Amino acid sequence: MADLLFNIAAVIMMISLVLAMVRLLLGPTAADRAVALDAMTIIALSLIGWIAFMSGRVIYLDVALVYGLISFVGVVAIARYVERGV
Amino acid sequence: MNLAIVIILGLLMLIAAVTALYLKTLSSAVIASGAVSLLASILFLLLAAPDVAMTEAAIGSALTTVVFLYALSRMRGKKKEEPRD
Amino acid sequence: MEILGGIFAIAGSIFLFLAALGLIRMPDLYDRMQAGTKATTLGTMLFLIGLAIVEPLWTGKAALLILFVIFSNPLSSHTLARAAYHTGVTLGERASCDELAGACGDEEDSA
């Protein structure tokens, strides 16, 4: 039962990943694309949680931990570059 | 289920890579290549390689983005007048 | 108990979907930023709470992940909004006034 519900959640998350990708394609400025990349990162973090649940290995959540820390650095670097250069 | 997700992720990766080729401004292209490495990291995780996924996340998403942007801001140099986005 | 966790996970994924829809439908950058960061924070929190309900042994790592998301996501949103404002991204047509530039009227009049 929980497998079915989590699969439905994964399908919805894949659709939202595609929608965020559309904004990354056609955003007019670089800040729009950075916002889309940030949203894609957070959606991918949930997707990694789903992969960890489906395969039943807790080690996969470590990847999500690393990703949550590292992507923040990338977004802050993009913001500082857009503002005045790193 | 898994195969469909792998195919969709691969297609998204391809679209992001082509976008990174054809964008006019350089910082947008750097952001698109960051999206490529993000999708590649999920794909490695689906192929049951968590250590490769962790390395791809650390290097592809943070380190190359920061190094590219640092190089761009060094190359831009004194010319402050041109549009930045 | 598993069904409760699944319902939490579906609620979280629906919030993620609404965030992605807002990223496409919103008219200007600041609205997109509002939709793209706040709603995804709530969605990820709900999904990880559902995951921790279904698998009770994973509660520690899920709580740490929720903590990271809560700390890092509003901070990056604020940094991006500040950078976009200082590079001159304008508000949309439907925005009434720019409060940071002091272009709004008196507070007593609006209230």
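The values are calculated or read from the model by the stated rules, or taken from the named source; none is laboratory data. Keep in mind the model is a prediction, meaning the values are calculated, not measured. Every residue, glycine as well, gets a Cβ built from its backbone with ideal geometry; the counts of neighbours run over all protein chains shown. We work out accessible area using only protein heavy atoms, side chains counted, and drop any ligands, DNA or RNA first. Shrake-Rupley method; radii C 1.70, N 1.55, O 1.52, S 1.80 Å.
Residues of region C:58-97 that are farther than 30 Å from residue A:46 by Cα, free of Cβ contacts under 8 Å to residues at least 60 places away in the same chain and loosely packed, with under 13 Cβ neighbours inside 10 Å: C:86, C:88, C:96, C:97. Taking every residue in region A:17-44 that is touching a residue at least 24 places away in the same chain (Cβ under 8 Å) and pairing it with any residue that is acidic (Asp, Glu), at least 6 positions away or on another chain, the pairs with Cβ-Cβ distances below 9 Å are A:30/B:85; A:31/B:85.
Is it the case that some residue within region A:22-33 is more than 20 Å from residue C:8 (Cβ to Cβ), surrounded by fewer than 24 Cβ atoms within 10 Å (Cβ to Cβ), among the acidic types (Asp, Glu) and more than 14 Å from the chain's Cα centre (by Cα)? No.
Determine which member of the set C:62, C:11, C:52 is under 29 Å from residue A:31 (Cα atoms) and in a helix (DSSP H, G or I). Working first, answer last.
Values: C:62 fails: under 29 Å from residue A:31 (Cα atoms); C:52 fails: under 29 Å from residue A:31 (Cα atoms).
The unique qualifying residue is C:11.
Residue C:23 fulfils the conditions (1) within 30 Å of residue A:58 (Cα to Cα); (2) at the interface with another protein chain (Cβ under 7 Å from one of its Cβ atoms) except for a single criterion, (1). Note on region A:1-21: among residues that are facing chain C (nearest Cβ under 7 Å) and over 14 Å from residue C:18 (Cα atoms), the one that is farthest from the chain's Cα centre (by Cα) is A:1.
Among the residues of region B:1-23, those identified as in contact (Cβ under 8 Å) with a residue 24 or more places away in the chain and of a type in the set (A, V, I, L, M) are B:5, B:6, B:9, B:12, B:13. Please specify each residue of region B:1-10 satisfying the condition of being within 9 Å of chain A (Cβ to nearest Cβ) and assigned to a helix (DSSP H, G or I). The answer is B:2, B:4, B:5, B:8, B:9. Close contacts from region B:55-67, counting a first residue that is under 12 Å from residue B:40 (Cα atoms) and a second that is open to solvent by 40 Å² or more (accessible area, probe 1.4 Å) and of a type in the set (Gly, Ala, Ser), with Cβ to Cβ under 9 Å and a gap of 6+ residues or different chains, come to B:60/B:33.
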